[in-house]
Each structure stands twice: as structure tokens, then as C-alpha cells.
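Single-structure report; data block below.
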Amino acid sequence: MEEGALAGRVILVVGAHGGLGREASLACAAAGARLVLLGRKVPRLNRVHDAVASAGGEAALYPLDLEGAGPDDYAQMAERIGEAFGRLDGVLHCAADFPGLTPLEHTDPAAFARAIHVNLTARWWLTQACLPLLRKAEDAAVVFAIDDPARTSQAYWGGYGVAQGGVEVLVHMLHSELASSAVRVSGFRPGPMRTPLRAQAYMDREGPEASDPAVYAQACVELLSAAGTTFRGRIREGIEHLA
């Protein structure tokens with residue numbers, strides 16, 4: 001990626017303290033972006049903030065639990081971002097909720113609903129609240145991290161798997177509705193990563209097919225930058241050599 005690919009841009013990273021979220025935050029800051037780091041675990045958010053600051057980047061924290069937040073909370077978030085930065089140029093959705101592999105028949109109803117909400121409904125509510133700010137930018141991007149449907153549509157993936165299919169539909173639907181605007185919508189499907197989420201599904205999360213999330217961080221920068229126009233309305237597959 002070109003140095004300074006995100007210079008002057010304000011990027012909201014949702015799930016900034018997760019595996020991919022943390023590495024993408026560091027990469028976006030290195031590319032010149034000013035960041036809003038959103039997540040529910042304040043100590044982990046602070047560590048990401050400190051890492052960004054240590055590397056010379058600029059970031060603000062926005063602690064928020066997607067499970068309990070409603071449309072009014074997201075509207076307030078967007079208002080505060082507008083007041084603090086005067087703009088918003090991109091949203092990167094990395095937050096996820098996955099309780100583990102369970103047969104649908106034995107899934108706790110509340111856990112199923114939570115997975116659908118955090119992985120799909122909350123993503124849309126947050127995006128909807130940010131659209132007025134994003135529309136003011138000359139070139140804005142909304143990027144959704146999506147898991148591999150070949151895996152998550154199989155048995156036992158529960159509400160998380162259902163939500164992943166819904167997010168993919170959301171990408172294409174929202175792109176169709178915003179195609180004539182300055183807001184680009186795309187998805188990003190990284191390869192297997194060594195993250196806590198993967199450990200919930202696989203005992204050996206260090207398997208040879210899994211990569212460090214940092215491998216895919218530059219792909220997130222690409223999609224949020226002007227270069228991401230190539231993937232407008234599409235799902236970008238993770239390619240390790242771009243890291």
C-alpha cells in the first residue's frame with residue numbers, strides 16, 4: 001500500500017481490541033488515519049490505544065457494548081464523532097460474538113439471539129447511524145469482516161453462522177442502495193486466523209493453516225483507502241502476501 005494511504009481520514013474501528021481489529025487499527029494508524037477505537041473491554045482498548053500512540057498515531061477511545069447498545073446509543077456515538085473530528089471517512093466492522101459450536105437443537109435461545117444481534121443487527125444499526133456523517137465525505141468506506149460461509153454454514157455454527165450469511169447479503173444490498181453516493185460498501189473475508197474466536201471452534205488454533213491476524217491488516221487499509229474502489233460492492237478475499 002502507498003504510504004499515507006489513509007492520511008487525513010477518520011476511521012472508526014468496531015471491535016478494535018479483537019485479533020483482527022487490533023492489527024487493523026495499528027495498520028490504519030500507520031497509514032495516516034485518525035482512529036476511533038470502539039469495543040466493550042476498556043483495559044484491552046487502552047492497550048490498543050497505547051500501541052497506536054507509541055507508534056506515533058492518533059486515536060480516541062469509545063467504549064461500547066454492542067450487545068446492550070441500541071439505535072439511540074449509536075446516534076449519540078455518531079454525534080460525538082462529528083463533534084470531536086468534524087468528519088468520518090470509514091467504518092471497519094471487526095466485532096464478533098461466537099460462544100462455540102453447539103447443535104441448534106440445544107442452543108440457548110438467548111445465546112442464539114445475542115449472536116444474531118452482535119454479528120448482524122448491531123452492525124447495521126451502527127452503520128445506519130454513521131451514514132449521515134459518511135455521506136459528507138468525498139470518499140467514504142464501510143467494510144464488514146465476514147467469516148468463510150463454506151465453514152460457518154455447516155452444522156453447529158448456530159446464530160454466528162446464520163449472521164455471517166446475513167452480513168454478506170447486507171453488503172450487496174447496501175451497496176446497491178448507496179452505489180450512486182460517495183459511500184463505498186464492501187466485505188473482507190480473511191483466511192483462518194489465530195484468534196480467541198477460532199479457539200472457541202478449534203482446540204488447535206495454532207494449526208498450520210491459520211495465520212497471525214497482522215497478515216491481513218493491510219487488506220483492511222486497502223479497502224478503507226481510495227484503492228478500495230476496486231472492491232466496491234464485493235467481498236474481498238484475504239491474500240496473505242499483501243501484508
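The values are calculated or read from the model by the stated rules, or taken from the named source; none is laboratory data. As the structure is a computational prediction, the values presented were derived from the model and not from experiment. Virtual Cβ from ideal backbone geometry, glycine too; neighbours counted across all protein chains shown. Please note that ligands, DNA and RNA were not included when accessible areas were found on the heavy atoms of the full protein model with its side chains. Shrake-Rupley method; radii C 1.70, N 1.55, O 1.52, S 1.80 Å.
Figures for the structure shown
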item	result
So Arg123, is it within 15 Å of the chain's Cα centre (by Cα) and closer than 22 Å to Ile81 by Cβ	yes
Count - residues of region 196-243 that are at pLDDT 80 or above, part of a loop (DSSP other than H, G, I, E, B) and of a type outside the set (S, T, N, Q)	3
Candidates Ser54, Ser25, filtered to the one that is open to solvent by 20 Å² or more (accessible area, probe 1.4 Å) and among the hydroxyl-bearing types (Ser, Thr, Tyr)	Ser54
Qualifying residues in region 143-179 (those that are open to solvent by 20 Å² or more (accessible area, probe 1.4 Å) and either among the β-branched types (Val, Ile, Thr) or touching a Cys at 6+ places or on another chain (Cβ under 9 Å) (or both)) - the one farthest from Leu88 (Cα to Cα)	Val162
Leu66 being open to solvent by 10 Å² or more (accessible area, probe 1.4 Å) and among the hydrophobic types (A, V, I, L, M, F, W, C)	yes
